[in-house]
Amino acid sequence: MPCPVTDFSAAFDPLDLSDPFPLLARARREQPVFYSPAINYWVVTRYADVKAIFRDHDSYTAANTITPIVPFSAAVRKMLADGDYSPEPVLSNNLPPSHSRIRAFVNRLFTPRRMRSFRPAIHEIAARGVRRIRERAPVDIVSALTYEYPAYVLFHVLGVPEADVPRVKAWAGNRITLYYGRPGADEQIALTRDLVPFWRYVVGLVAEKNRKPQDDLTSDLIRMRAGDDSRLTLNEIASCMITLLVAGHETTTAQINNALLHLLRERAHWERLCAAPETVPQALEEMMRYDPSVCAWRRRTAKASRINGVDIPADADLLLMLNAANRDEAVFPEPDEIISARNNLRDHLAFGYGIHYCVGAPLARLEMAILLEALTRQLPGMRLLPGQKIEYTRNISFRGPVSLRVTW
Ligand code: HEM
């Protein structure tokens, strides 16, 4: 086995998301699979390798996708046990056959038909958001609009009270730092204090919907359960809900922000969109390829394997660089250019691939397109304020600017 510690191993900081592309492009060419001692993961950068790993879910499991990068301390484990914190693997980090059973139910929530039924409400949420900022330029469009917009949409479809958006957003953000960042011992304890109330909130929500089902996706799941634990347990439904209440808005917020940043930075793209708002879906697809908000995702080897000539032991953790795979020149010619007319636009891996492919993709596509179209129609003069520093939070998976100052 070659020495795992290489040039790339030393240079790669998996939590620094400020400008990962140049180093990843070099790695993709020179050493497409390398070891990162910073987190004890093997890093995979080529499109074909990442896709093959996603496809082969027996050899590469999703068991580690919600594993904290910094293992929980004894104090944190005690806090969670004392607080009855008991989400179980249901979707992201679950394996077949349990994953297949639960996923079959959740798939039925996100059908195109069901998504279409939410279209008028999403239009209204987007219009309300744009109305609120119209007279306020210049603004930080993240704090003024895109931070909360996907949460309002998600809460509407899941049947969660809108008044709870601020606290659930805060809980979800902390959960990301806890699992995907590198908190110190005290910070880990502080972040965990939020996890227990978040879980209790979700358990309470499911109990409430169980008592009184309504016209929303949470109630749909309860109806599918039909009171039968062999189909789904209430704890499994609560575990799905806490997953959705993180995965269903942080990702979309960051993806809208990435799209706005690049379209406004190379403003000819923005102007073309304003002239032809019906091309927003293609532009968004290209933005997901160019700068995916889930920039890296994880898998674990079920047995010893060889990836692009590198021997990897069993039970090893892999970091699949979706942002590097999406810029693989073998699949996307001129990968560093924004080209919304690509003939393989939807081949990107921003939503993953295979049995864990993002179940919320239809909702994400719909809500992003509705908002971007509203912005191009109503604020076509939007531009970035010059001289601002674009900052990203330190974590391994979720990339999107923390703030974006714009005017019009
Ligand atoms: C632009 C926005 C989004 C991006 C970039 C994104 C990306 C991803 C990625 C990369 C995965 C992992 C796929 C894999 O392991 O193969 C995933 C899974 C998942 N996503 Fe999304 N996602 C987005 C929006 C959403 C939304 C809106 C929801 C829910 C309403 C959602 C719910 C989920 C769930 C539950 C999973 C786990 C699925 C499973 O393991 O079966 N995501 N997403």
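In terms of the Cα gyration tensor, with a ≥ b ≥ c the square roots of its eigenvalues, is the stretch 112-207 rounded because a/c is under 1.5, prolate because a/b exceeds b/c, or oblate? Intermediate results must be reported in sequence, preceding the final value.
Numbers: a/c = 2.63, a/b = 1.41, b/c = 1.87.
Note, shape of the stretch 112-207 comes out oblate.
Pop the C-beta distance of residue 98 and residue 135 into the FRET formula with R0 = 56 Å and round what comes out to the nearest 0.05. Spell out each step's value before the answer.
On the way: r = 51 Å, r/R0 = 0.91.
Approximately 0.65, to the nearest 0.05.
Using the crude model of +1 on Lys and Arg Cβ and -1 on Asp and Glu Cβ, and no other charge, please compute the dipole size for the stretch 305-358 relative to its Cα centre, in debye to 20. Kindly include the intermediate steps, with their values, before the conclusion.
Numbers: 4 positive and 9 negative charges, 43 e Å.
Approximately 200 debye in magnitude.
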task: Select from 17, 158, 80 the residue whose mean-square fluctuation is largest in a Gaussian network model of the chain (Cα-Cα springs shorter than 10 Å).
output: 80
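Taking the Cα centre of the stretch 24-160 as origin, sum charge times position over the Cβ atoms of Lys and Arg (+1) and Asp and Glu (-1), and report the length of that vector in debye to the nearest 20.
Details: 20 positive and 11 negative charges, 139 e Å.
Roughly 660 debye, rounded to the nearest 20.
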- line: Per the charge dipole of the chain (beta-carbon charges, Lys/Arg positive, Asp/Glu negative, Cα centre), the residue among 205, 83, 180 reaching farthest to the positive end is 205
field: Distance (nanometres) between label positions extended 7 Å along Cα→Cβ at residue 228 and residue 189
entry: 4.8 nm
statement: Charge dipole of the stretch 7-407 built from unit charges on the beta carbon (Lys, Arg +1; Asp, Glu -1), centred at mean Cα; most positive-end Cα among 166, 330, 307 is 166
- line: If each part is reduced to its alpha-carbon centroid, the stretch 1-62 and the stretch 373-392 end up apart, in Å, by 33 Å
- prompt: Which one of 140, 19, 336 has the biggest mean-square fluctuation once the chain is modelled by GNM with Cα springs under 10 Å?
  reply: 19
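List the GluC sites (Glu not before Pro) in the stretch 135-195 that DSSP assigns to loop (not H, G, I, E or B) and whose Cβ has at most 14 other Cβ atoms within 10 Å. Which are they? Please list the in-between numbers first.
Numbers: sites: 135, 148, 162, 187; in loops: 135, 148.
In loop regions of the stretch 135-195 (DSSP not H, G, I, E or B), the sparsely surrounded GluC sites (Glu not before Pro) are 135.
By how many nm would the segment from residue 268 to residue 6 lengthen if fully extended, with 0.36 nm per residue of separation less the alpha-carbon distance? Each step should come with its number before you reach the end.
On the way: separation 262, 0.36 × 262 = 94.32 nm, distance 4.05 nm.
Net length gain for the segment: 90.3 nm.
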- request: Report the charge-dipole magnitude of the stretch 7-407 in Debye, nearest 20, computed about the Cα centre from +1 at each Lys and Arg Cβ and -1 at each Asp and Glu Cβ.
  value: 760 debye
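Can you bin the stretch 7-407 into rounded, prolate or oblate? Criterion: square roots of the alpha carbon gyration tensor eigenvalues sorted a ≥ b ≥ c, rounded for a/c under 1.5, prolate for a/b above b/c, oblate for the rest.
Details: a/c = 1.44, a/b = 1.03, b/c = 1.40.
Rounded.
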statement: Taking a straight Cα-to-Cα line shorter than 23 Å from residue 209, and setting aside same-chain lysines fewer than 8 residues away, one finds 169
task: Identify, among 320, 341, 352, the residue whose Cα sits farthest towards the positive end of the charge dipole of the stretch 309-352, taking +1 on the Cβ of Lys and Arg and -1 on the Cβ of Asp and Glu, with the dipole about the Cα centre.
output: 341
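Where a number appears in this text, it was derived from the coordinates with a stated rule and is not lab data. Just so we're clear, the structure is a prediction, and the values are computed from it rather than from any experiment. As a convention, Cβ positions derive from the backbone with ideal geometry for all residues, glycine included, and neighbour counts pool all protein chains shown.
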